[in-house]
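The values are calculated or read from the model by the stated rules, or taken from the named source; none is laboratory data. Quick caveat: nothing in here was measured; it's all calculated off a predicted structure. Here the Cβ is made from the backbone with ideal geometry for all residues, glycine too, and neighbour counts use every protein chain on show.
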Amino acid sequence: MTPRARRLSQWLAEPLPLRKVADLLGVDPSKASGLVRANRFPCRVTKLKGKYVALPADVMAALGIDDPIVRTGDLLAGAEFARRWD
């Protein structure tokens, strides 16, 4: 992969809070932390600054979403195209 191309999950590098991930996966958010502690949550979760979070790549994998390579030029061209329609 060239420096100008990254996986989609690398562009979306901000970790997602457990409640949001549970909501996306259709898991009751009030039971999510218990499932994580029991190792039964459907996505890999880590603890960051005392809070459970999941990386976008792990959430995408759990949802069955592909993680394609996105080139910087394509991303910029798409943004320019969208700007013309605003």
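When segment 35-45 is filtered for residues that are free of Cβ contacts under 8 Å to residues at least 24 places away in the same chain and within 18 Å of Ala13 (Cα to Cα), the ones remaining, listed by number, are Cys43, Arg44.
Okay, residues lined up against (1) at negative phi; (2) of a type in the set (Gly, Ala, Ser):
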position	(1), (2)
Trp11	yes, no
Pro17	yes, no
Gly26	no, yes
Pro29	yes, no
Gly34	yes, yes
Arg40	yes, no
Cys43	yes, no
Lys49	no, no
Leu55	yes, no
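Being under 30 Å from Gly73 (Cα atoms), touching a residue at least 12 places away in the same chain (Cβ under 8 Å), in contact with a Lys or Arg (Cβ under 6 Å, 6 or more places away or on another chain) and surrounded by 15 or more Cβ atoms within 10 Å (Cβ to Cβ), is that true of even one residue in segment 47-59? Yes: one or more hits. Within segment 10-46, the set of residues being exposed (fewer than 12 other Cβ atoms within 10 Å of the Cβ), over 12 Å from the mean Cα position of the chain (by Cα) and acidic (Asp, Glu) comprises Asp28 only.
Residues in segment 60-74 that are surrounded by 13 or more Cβ atoms within 10 Å (Cβ to Cβ) and β-branched (Val, Ile, Thr) were compared, and the one that is modelled with the highest pLDDT is Ile65. Residue pairs whose Cβ atoms lie under 9 Å apart, sitting 6 or more positions apart in sequence or on different chains, and linking a residue in segment 74-86 that is among the hydrophobic types (A, V, I, L, M, F, W, C) to a partner that is surrounded by 10 or more Cβ atoms within 10 Å (Cβ to Cβ), are Leu75/Trp11.
Listed here are the residues, each with its yes/no results for (1) within 29 Å of Arg4 (Cα to Cα); (2) in contact with a His (Cβ under 9 Å, 6 or more places away or on another chain); (3) charged (D, E, K, R).
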residue: Pro17; (1), (2), (3): yes, no, no
residue: Pro29; (1), (2), (3): no, no, no
residue: Arg37; (1), (2), (3): no, no, yes
residue: Arg44; (1), (2), (3): yes, no, yes
residue: Arg71; (1), (2), (3): yes, no, yes
residue: Gly78; (1), (2), (3): yes, no, no
residue: Trp85; (1), (2), (3): yes, no, no
